[in-house]
Amino acid sequence: MLRDIFISVLRVGAIVLIVFLFFDGYEKYRNIALYISLISWFLLSLATFTLGFKWKNIAFVSLILLMFSAIISSSLSGNAPAAKVLLPLYTMYLMPVMLYAIVSAAFNGMDKAKMLCTFLALLGVVRMFYTVFVYGSAIGVSAPIDNETAKNLSLTAMFLIPFMFAQYAEGKGIRGVLWFIIAILSFAGLLFVGVRASWVAVFLVGFIWTVFLREKRFFSVKLIIISAIVVLIMFRFYPAQFNHVREHIVEKNTISMRLSAWKTTVDISRDSLITGHGLDTALMRDKFVKFATATGVSPLLPKQWPDNVFLSILYMQGAVGVFFFAVALFYSIIHLLTIKSDVIGTPNFTAIAIMSAIVAEIVMRVFFFDGNIINLSILLAMAGSVSNKASISE
C-alpha cells in the first residue's frame with residue numbers, strides 16, 4: 001500500500017515536472033515538482049530496497065561519470081572558488097541525473113514508457129494550441145516572430161513531434177488520420193517560425209520514421225507536401241513572417257559566426273585538452289572574448305558561448321567529458337534499435353519515437369544551440385526504461 005502511494009506521487013510529480021518544463025514562467029512550481037518527485041523516489045527506494053530502475057545502464061553510468069569528471073576538472077584547474085562551480089554543476093549535471101532517476105523509476109518498463117510517450121504526444125497537442133492562442137494572436141502582419149521566441153517554439157516542437165508520429169504510426173482509421181493532421185500542423189508550424197536547425201532536425205526525424213514505417217512508405221513525402229501547402233496559406237496572411245523566413249534561408253552571417261565561435265572554443269581548449277578547464281563559465285566567457293579580440297578569428301557574440309554542448313564540455317571537461325557524454329548518447333540510440341515489438345515484423349514504435357526524439361534533441365540543442373541536457377536526460381531515461389525483458393528493475 002505504501003509502495004503504491006509513493007509510486008503514484010512519484011509518477012504524478014514527474015508528469016507535472018515535465019509539463020512545466022515546456023511552459024515558461026513556472027520555475028517555482030517546476031522546482032516544487034522536482035523535489036516532491038525526488039523525495040518520493042528516495043522514500044520508495046528505502047521502502048523497497050531498490051532504486052526502481054536499472055542503474056547499471058551504461059547511459060546512466062556515463063552521466064554519473066560525466067558529473068564526476070566536471071568535479072575533477074574544476075578541482076584540477078584550481079582557478080575558481082567552489083561556490084562558483086556549484087550552480088553550473090547543479091544545473092548542467094546534477095539536475096539531469098536526478099531527472100533520469102525520477103523518470104526511470106516512475107516509468108520503468110515498456111508499458112509505462114509507452115504511456116509516457118502517449119502523454120508527451122498529447123502534451124504536444126496542448127502546447128500547439130497554447131502557442132496558437134498566446135503567440136498567434138500576438139503576431140502582427142507587419143512584424144515577424146522574434147528569433148528567441150522562434151527558437152524556443154522550435155525546441156519544444158522538435159522534442160514532442162516524434163511522439164505524435166508514434167501515435168500516427170500506431171493509429172488506425174480515424175485515430176490515425178487525426179494524428180496525421182496534428183503532425184502536419186506541427187510540421188507546418190516549424191516551417192512557419194523559420195528556424196533552420198529545426199528543419200534539419202525534422203528532416204532527420206521524418207527520414208527515420210519513413211525507414212521504419214514500411215506500410216506507410218510515403219509518410220514523409222505526404223507530410224512535406226501537405227505541410228508546405230498549409231504553411232504557404234499561413235504566409236499569405238502573415239507576409240512579414242514570409243519575408244523574414246525567405247531572408248533567413250539565404251542569410252549566411254549567423255552560420256559564419258557560429259563556425260567562428262566553434263573554432264574559437266576549440267582554440268581556447270587546446271591548452272587543457274584532456275581534463276578541461278573546470279566549470280567556471282564566467283572565466284570561459286572572459287577567455288573567449290580575450291582570445292577573439294586578440295586573434296580576430298571570431299566576432300564577439302552576445303553570449304560569448306560556443307552554441308554547441310560538445311564544445312562546451314570539451315572546454316570545461318576536456319576529451320574525457322566529451323567521451324562520457326558521447327557514450328551516453330550512442331549507447332541509448334543503439335539500445336533502442338535493438339528493442340523488438342510484440343508483433344513479428346512490426347517495429348517498436350515507442351523505441352523509435354524515443355530514438356528520433358534523441359536525434360532531434362542532439363541536432364537542436366547539442367549542436368546548434370547553447371542548450372542544457374535536462375530535456376535530453378528525460379529521453380535517455382526513457383531509453384533506459386524500455387527493454388525486451390519483462391522487468392528491468394534492480
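Tabulated values for the structure
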| item | result |
| --- | --- |
| Tally of residues being of a type in the set (Phe, Trp, Tyr) and over 21 Å from ASN57 (Cα atoms) across region 311-348 | 1 |
| The one condition in (1) at pLDDT below 90; (2) in contact with a Cys (Cβ under 9 Å, 6 or more places away or on another chain) that ASP286 fails to fulfil | (2) |
| Residue count for region 41-63, restricted to those that are over 19 Å from the mean Cα position of the chain (by Cα) and closer than 25 Å to LEU160 by Cβ | 3 |
| Residue tally, condition open to solvent by 40 Å² or more (accessible area, probe 1.4 Å) and either of a type in the set (Lys, Arg) or outside any helix (DSSP H, G or I) (or both), over region 45-61 | 5 |
| Subset of region 18-44 that is touching a residue at least 12 places away in the same chain (Cβ under 8 Å) and small (Gly, Ala, Ser) - its residue that is surrounded by the most Cβ atoms within 10 Å (Cβ to Cβ) | SER37 |
| Subset of region 205-227 [of a type in the set (A, V, I, L, M) and surrounded by 14 or more Cβ atoms within 10 Å (Cβ to Cβ)] | VAL205, ILE208, LEU213, LEU223, ILE224, ILE226 |
| Looking only at region 363-380, and only at residues there that are of a type outside the set (A, V, I, L, M, F, W, C) and not in a helix (DSSP H, G or I), the one that is modelled with the highest pLDDT | ASN372 |
| Top-ranked residue of region 322-341 - restricted to ones that are among the hydroxyl-bearing types (Ser, Thr, Tyr) and in contact (Cβ under 8 Å) with a residue 24 or more places away in the chain, ranked as farthest from VAL386 (Cα to Cα) | TYR331 |
| Single residue of VAL245, VAL221 found to be in contact with a Ser or Thr (Cβ under 9 Å, 6 or more places away or on another chain), more than 21 Å from LEU120 (Cα to Cα) and in a helix (DSSP H, G or I) | VAL221 |
| Lone unmet requirement of (1) closer than 23 Å to LEU34 by Cα; (2) at pLDDT 90 or above for VAL125 | (1) |
| So ALA240, is it within 20 Å of the chain's Cα centre (by Cα) and either part of a helix (DSSP H, G or I) or crowded, with 19+ Cβ neighbours inside 10 Å (or both) | no |
| From the options ILE64, ILE102, residue that is open to solvent by 10 Å² or more (accessible area, probe 1.4 Å) and among the aliphatic types (A, V, I, L, M) | ILE64 |
| Test for LEU160: is it modelled with pLDDT of 85 or more and touching a Leu at 6+ places or on another chain (Cβ under 7 Å) | yes |
| Boolean, VAL177 is within 24 Å of ARG236 (Cα to Cα), surrounded by fewer than 15 Cβ atoms within 10 Å (Cβ to Cβ) and over 19 Å from the mean Cα position of the chain (by Cα) | no |
| Qualifying residue in region 112-135 (condition: without any contact (Cβ under 8 Å) to a residue 40 or more places away in the chain and open to solvent by less than 60 Å² (accessible area, probe 1.4 Å)) | yes |
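The values are calculated or read from the model by the stated rules, or taken from the named source; none is laboratory data. Only a predicted model underlies this, so the values are computations on that prediction, with no experimental measurement involved. Every residue, glycine among them, receives a Cβ derived from its backbone with ideal geometry; neighbour counts consider all protein chains shown. Quick note on the areas: whole protein, heavy atoms, side chains included, nothing else; ligands and nucleic acids left out. Shrake-Rupley method; radii C 1.70, N 1.55, O 1.52, S 1.80 Å.
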